[in-house]
Amino acid sequence: MKTVNGHQIIQLFEEFAPKHLAEEGDPIGLQIGKLNEKVENVMITLDVLENVVDEAIKNNVKLIIAHHPPLFRPLKALHTDSYQGRMIEKLIKHDIAVYAAHTNLDIATGGVNDMLADMLQLQQPSVLVPTYQEELRKLTVYVPKDHAEELRIALGKAGAGHIGLYSHCSFSTEGKGRFLPEEGTNPHIGKQGELEEVTEEKVETVYPVSLEKKILKAMFTHHPYEEVAYDIYSLNNESPALGLGRIGYLQEEMSLEDFALVVKKTFGMDGIRMIGDGKSKVKKVAILGGDGNKFIGKAKRQGADVFVSGDIYYHTAHDAMMMGLNVVDAGHHIEKVMKEGVAAHLARRCSEKGYVVNIFASNAETNPFTYL
């Protein structure tokens, strides 16, 4: 088992929610503190408020991963007798780093919007608002037959071979590889100065370009040869679109009113707002965590019977009524699902790496609203 620092934790996190997925101008990444310190406790939170910081101090946390950036706008001054200044002062005095993952965590596969869709048990979910599509490449590598299986597994673990909902996809053909080790070589098979013929497999697989370094590292690590023969091809195939929100189907059609109550219960809410005729039937559901005001048109165009989001404005509600789109305003705070989801994912990845670290979800309440 290995001790770990903040850089190593964030490296694993960014494999899950890469920074390049974030919307332009989104202030993500390390916002306060440093990552080169030893970390024993990591806390996952939706918001960074003073009660969250106090919880972190109490639990000897050295790294907070937050969904909402505490420094969303640049500071013009830092007064330690103000609420925000006092909070930042506590973080600095106790050497607590704060890392923010906002729209990149919304967009990521398995991220906030997938968590929300999963909680509503939406069937056949797809992206509501595409924002990112990555170039695909194909790797062809030649490997001795008795090492082919190890190499295929390693490439799959590194992220190669994802096609739709299938992972570790590859294709192999068997043939003869020939080479002559020259002076200064240390061949795994054969001898210097003698032409060698080996039964090899040509392993082919696809991958997104953002994973190229990781996949090539896995290939070199698990290939027995000093010099690896491989080819990389650019593809015209379209990779699956990533983006904001999800749209899918309920298992059974129900009334809007009944669905709103399901949303309320599912996300543990004290109250909920609904726009539309409560008796109307809903089956196709669009959901988008956070502020979804500018996406009601997108939900309508994709055929949603109801749009679930938060912070719906008065006049936006009128727009939804006029276009015939039902809306359930579940509030911004339903994004709290990311706390347990991210904690579970990171804990699993750290365990796989043998890291000794405790990762947990914050219990501090950050919802500013109460219902009477």
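Taking every protein chain into account, the 1.4 Å probe leaves Asp311 with about 60 Å² of accessible area, to the nearest ten. Rounded to 0.05, the FRET efficiency of the Glu50 and Lys217 pair, given R0 = 56 Å and the Cβ-Cβ distance, is 0.85. Shown for the chain: the carbon plus sulfur share of the solvent-accessible area, taken with all protein chains present and a 1.4 angstrom probe, equals 50%.
Per-residue accessible area (protein heavy atoms, 1.4 Å probe) orders Glu150, Glu14 as Glu150, Glu14, starting from the largest.
When the alpha-carbon atoms of segment 241-286 are used, the pair Rg, Dmax equals 11.8, 35 angstrom. For segment 1-62, compute Rh as the Kirkwood radius over C-alpha pairs and then the Stokes-Einstein diffusion coefficient at 25 °C and 0.890 mPa s; write the answer in µm²/s, rounded to an integer. For these conditions, the coefficient is 185 µm²/s. Between Lys279 and Asn237, the contour length at 0.36 nm per residue exceeds the Cα-Cα span by 10.7 nm.
Only Lys, Arg, Asp and Glu carry charge here, each on its Cβ (+1 for the first two, -1 for the last two); on that basis segment 118-162 has a dipole of about 140 debye about its Cα centre. Note that segment 97-111 has calculated 3J(HN,Hα) couplings of 8, 10, 10, 10, 10, 9, 5, 5, 6, 4, 7, 3, 4, x, x Hz, one per residue in order, obtained from phi through the Karplus relation 6.51 cos²θ - 1.76 cosθ + 1.60 (θ = phi - 60°); glycine and proline are x. Proximity of backbone amide H atoms, modeled 1.01 Å from N, is registered between Asn5 and Val39 at under 5 Å, excluding neighbours fewer than 5 places apart on the same chain.
Placing unit charges on the Cβ atoms only, positive for Lys and Arg and negative for Asp and Glu, gives the chain a dipole magnitude near 740 debye about its Cα centre. Against the chain, whose longest principal axis is taken from its Cα atoms, helix 83-93 shows a tilt of about 30°. Normalised by the number of residues in segment 25-136, the mean separation of alpha-carbon contacts (under 8 Å, six or more apart) gives a relative contact order of 32 percent.
Sorted from greatest to least, the principal axis extents spanned by the alpha carbons of segment 119-275 come out as 80, 26, 25 Å. Using a 7 Å offset from the Cα along the Cα-to-Cβ direction at both His94 and Lys176, what is the distance between the two label points in nm, to one decimal? Taking the simple label geometry, His94 and Lys176 are separated by 7.0 nm.
Roughly what angle does helix 212-222 make with the longest principal axis of the chain, taking Cα atoms, 0 to 90 degrees, to the nearest 10? In the chain, helix 212-222 runs at an angle near 40 degrees to the longest axis.
Run a plain Debye calculation on segment 256-309 (Cα atoms as equal point scatterers, no solvent) and give log10 I(q)/I(0) at q = 0.13 Å⁻¹, rounded to two decimals, same order as the q list. Per q value, in the given order, log10 I(q)/I(0) is -0.30.
Taking other residues whose beta carbon is less than 11 angstrom from the beta carbon of Ile32, and scoring Lys, Arg as +1 and Asp, Glu as -1, yields 0. For segment 100-178, the C-alpha radius of gyration divided by 2.2 N^0.38 Å, with N the number of residues, is 1.52.
Find which of Leu325, Val42, Ala343 sits farthest along the positive direction of the dipole of the chain, computed with +1 on the beta-carbon of Lys and Arg, -1 on that of Asp and Glu, about the Cα centre. Farthest along the dipole direction, towards plus: Leu325. Take the Cβ atoms of His188 and His20, set R0 to 45 Å, and the FRET efficiency comes out at 0.75. Remark on segment 154-227: ratio of C-alpha radius of gyration to 2.2 N^0.38 Å is 1.34. Residues whose amide H comes within less than 5 Å of that of Arg273, counting only those at least five positions distant or on another chain, are Asp329 (H built at 1.01 Å from N in the peptide plane). Using θ = phi - 60° in the Karplus curve 6.51 cos²θ - 1.76 cosθ + 1.60, the 3J(HN,Hα) couplings for segment 164-181 round to x, 8, 9, 10, 6, 6, 7, 9, 10, 10, 9, x, 10, x, 10, 7, 10, x Hz; x is entered for Gly and Pro. Enumerate lysine pairs in segment 118-259 that are 8 or more residues apart or on different chains, then count those whose Cα atoms are under 22 Å apart. Pairs that pass both the separation and distance tests number 20. With distances taken between every two different alpha-carbon atoms, the chain has a Kirkwood hydrodynamic radius of 23.5 Å.
Dividing the convex hull volume of the alpha-carbon atoms in segment 215-279 by its residue count gives 218 Å³ per residue.
Considering only the Cα atoms of segment 235-326, their convex hull presents on average a projected area of 7.1 nm². Normalised Debye scattering of segment 132-190 at q = 0.13, 0.14, 0.19 Å⁻¹ gives log10 I(q)/I(0) of -0.49, -0.55, -0.83, counting only Cα atoms as equal scatterers and leaving out solvent. For every other residue with a beta carbon closer than 13 angstrom to the beta carbon of Glu335, add +1 if it is Lys or Arg and -1 if Asp or Glu, then tell me the sum. Neighbourhood net charge equals -4. Could you tell me how many degrees, from 0 to 90 and to the nearest 10, lie between the Cα long axis of helix 314-323 and the main elongation axis, the longest principal axis, of the Cα atoms of the chain? Approximately 70 degrees, to the nearest ten.
Calculated accessible area for the chain comes out at 53 Å² per residue, all protein chains present (probe 1.4 Å; ligands, DNA, RNA ignored).
The stretch between Ile57 and Ser126, if pulled fully straight at 0.36 nm per residue, gains 20.9 nm over its current Cα-Cα span. The H on the amide N of Ala361, modeled in the peptide plane, is under 5 Å from the matching H of Ile44, each at least 5 residues off or on a different chain.
Residues Leu120, Leu211, sorted by accessible area with the largest first, give Leu211, Leu120 [1.4 Å probe; ligands and nucleic acids excluded]. When the chain is described by a simple charge dipole with +1 on each Lys and Arg Cβ and -1 on each Asp and Glu Cβ, the residue from Val263, Thr80, Ile28 located farthest towards its positive end is Thr80.
The values are calculated or read from the model by the stated rules, or taken from the named source; none is laboratory data. Keep in mind that what you see is a predicted model, and the values were worked out from it rather than measured. Methodologically, a virtual Cβ is constructed for each residue, glycine included, from the backbone with ideal geometry; neighbour enumeration extends over all protein chains shown. Please note that ligands, DNA and RNA were not included when accessible areas were found on the heavy atoms of the full protein model with its side chains. Shrake-Rupley method; radii C 1.70, N 1.55, O 1.52, S 1.80 Å.
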